[in-house]
Amino acid sequence: MGEVIGTYYYRPKAGVDFKWAAQAIAEEQTTGTWTDISTTQEYVRYLDGRVHEVVPYNDGYITKVGFADDIFEPGSIPQYLSVVSGNLYGLSKLAKVRLLDLDFTEATTAPFKGPQFGIEGIRKIVGTDKSRRPHVGTIIKPKVGLNPKDTAQVSYEAAIGGVDLIKDDETLTDQKFCPMADRLPAVMEQLDRVKDDTGRTVLYAINVSAPGDKILERAEEAIDLGANMLMVDFVVCGIDAVRVLAEDSSIQLPLHVHRTMHAAMTREPEHGVAMRAFCRLIRMAGGDQLHTGTISGKMDHDTAELLGDNKALTDPNYFGLKDVFPVASGGLAPGGVAREIEVLGKDIILQAGGGIHGHPNGTRAGATAMRQAVDAAMQGTTLEEYAKDHAELAAALEKWGTFA
Ligand code: 3PG
C-alpha cells in the first residue's frame, strides 16, 4: 500500500523532546491521542502514522510523516485535509508547526480529474500557443462599487489596450450595486466588440464565489449569461468548491482560482500551511489558474517558496493531471514585469489592477504599457530602452519606476 508523505516543520516548546514531538504529530493525525488507550486493536496498526525522518532546521526540525493510503476516503479533499492538516496545529507542547508539502500517491490522486484546460488549453483560447508569451491580466478597480455599465466600460478599455484576462476582485460577487446578471452580459458585450475589432479572445473571470449551496447554481447562471471563464476563491469557499466547479459536466469553462485569506495560513514561516500544499490540492481539484505571488508586488513573499509553488503547478509529471497556469498578482506594475519574467518564466499570468487603472493616461494606456513591458522582455530589451519609443510604457515607468 502507498503512503502519502506530509512534510512538517515544527518547533517543540522548551523541555519537550523533539522525537516525541514528531511522534505526537503522527499519532494525533492517525490512530493515537494524548495517552494510550484500551480500544486499539492489532488490525488498526496499519493505519498508524509513521515518522520517517527528523532533521534539524533553523530553530526547529523538519519531519516526514507517512500516512497509509487507506486512511483516506478516496476523492474527499475535506477528509484528506483533516488527516494531513488537522488538530496538530493546536498541540500545546509544540510552539510552532507548519505543513510544508504533501506527496500524494496514485491511489489518493486517482479520483481527481485535475484541470480541464491547463496552460496549453488556455493558451489556445487566447491565441498565445505559438508566441508562448506571458499573459497579461487585470482586476477591475475599484474592487467594489462600480455599476455594471462602468465595469463594462473599464473592461473594454483594458481589453482593447491589450490584456488577455479580466477578473472580478475577490469581494465582488453579486451585490446590489453590480449584480452579476447585469454585469456579466455588459462585460461580455464589450469583449465581443474587442474580438470583432482585433480578433483577440479576452477572458473574463466572473467571480462565482457564493454560499456552498449556491455555487453551482451561480456558475450555471453565469454560463447562461455568456461567461467564458469562472473564478472562485478557494480558501473562503473551500478547496472542494474548486473540484465541484471543475468536475461538473455542464461547466466547460476554465477556472481562475483566487486565494484571498490564504496568508492567514501561509505567511508565517514557522506555523500554518505552506502554499505548496494548497498548490497540490488545487491541481488535483481542477483549477486552471491559481494565484501564487509576485517578485515585485505588494504582497510579502519568499522567492524560493514561490518558485517551488509554481513548479508544483507546472511540473509535467503529476499523476497525469494537466498543469495549472500560475498567476502573479498583487501590486504589480509595468516596471516589475521584466523581473517577474526573469525569475518566474514565461508560463505566467502577470496581473495588475492598480498598475493598469492607475496609469496616468488611464486604463487603456495602462494595459498597453503592461503588454509593452512583456514585449520588451520577450525581445530581450530593457524596459528603459523599449520605453524610448513606447509612450505608454514610458509614462508607467515614470510614475512607478522600474523594479531592480
Ligand atoms: C488581486 O486580486 O490579486 C488584487 O486585487 C490585485 O490588485 P492590485 O494589482 O491593484 O494590487
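Structural remarks
- Relative contact order, percent, the chain [alpha-carbon distance under 8 Å, six or more residues apart]: 16
- Compactness index (Cα Rg / 2.2 N^0.38 Å), the stretch 281-376: 1.13
- When only Cα pairs below 8 angstrom with a gap of at least 6 residues are kept, the stretch 262-404 shows a relative contact order of 19 percent.
- The stretch 155-194 versus the stretch 68-96: alpha-carbon centroid distance in Å: 39
- Taking 0.36 nm per residue of sequence separation and removing the Cα-Cα distance, the GLN379/ASP196 pair yields an extension gain of 63.1 nm.
- Taking a straight Cα-Cα cut-off under 14 Å and skipping sequence neighbours fewer than 8 places away in the same chain, the aspartates and glutamates within cross-link reach of LYS388 are ASP375, GLU398.
- Taking amide H as placed 1.01 Å from N in the peptide plane, the amide H of HIS258 sits under 5 Å from that of VAL232, ASP233, PHE234, each at least 5 places away or on another chain.
- Coordinate range along principal axes, alpha carbons of the chain, Å, largest first: 73, 46, 38
- Spin-label zone in the stretch 223-241 - amide nitrogen under 18 Å from a point set 7 Å from the Cα of GLU189 along the C-beta vector: 223-228
- Protection proxy ranking of 36-42, 357-363, by the mean of other Cβ atoms within 10 Å over each peptide's residues and highest first, is 357-363, 36-42.
- Solvent-accessible area, 1.4 Å probe, carbon plus sulfur percent, for the stretch 157-225: 48
- D by Stokes-Einstein for the stretch 37-92, Kirkwood Rh over Cα pairs, 4 °C, 1.567 mPa s: 96 µm²/s.
- Cross-link pairs exceeding 22 Å between alpha carbons, from the set LYS149/LYS195; LYS298/LYS399; LYS113/LYS311; LYS167/LYS195; LYS141/LYS176; LYS311/LYS399: LYS311/LYS399.
- q = 0.11, 0.15, 0.21 Å⁻¹, the stretch 1-117: log10 I(q)/I(0) [Debye, one scatterer per Cα]: -0.37, -0.67, -1.18
- Label-reachable residues, the stretch 264-308, where backbone N falls under 19 Å from a point 7 Å from HIS52's Cα toward its Cβ: 274, 276-281
- Stretching the chain fully between ILE37 and SER92 yields a gain of 17.8 nm (0.36 nm per residue, less the alpha carbon separation).
- Potential lengthening between GLN252 and THR303 on full extension [0.36 nm per residue; Cα-Cα distance subtracted]: 15.0 nm
- Antiparallel bridge percentage (DSSP; both residues within the chain; nearest 5): 45
- Label point at LYS346 placed 7 Å out along Cα→Cβ; residues across the stretch 113-133 whose backbone nitrogen lies under 15 Å: 120, 123-124, 127-133
- Here the simple spin-label model places points 7 Å from the Cα toward Cβ, and for ASN147 and ASP315 these points are separated by 5.1 nm.
- In this calculation the C-beta distance from LYS176 to MET261 is compared with R0 = 30 Å, giving a FRET efficiency of 0.80.
- Here the Gaussian network model covers the chain, with springs between Cα atoms less than 10 Å apart; of GLY114, GLY15, GLY90, GLY15 fluctuates the most.
The values are calculated or read from the model by the stated rules, or taken from the named source; none is laboratory data. It should be emphasised that the depicted structure is a prediction, and the values quoted were computed from it without experimental measurement. A quick note on method: Cβ atoms are made from the backbone with ideal geometry, for glycine too, and the neighbour counts reach across all protein chains shown. Keep in mind that these areas ignore ligands, DNA and RNA; they rest on the heavy atoms of the full protein, side chains included. Shrake-Rupley method; radii C 1.70, N 1.55, O 1.52, S 1.80 Å.
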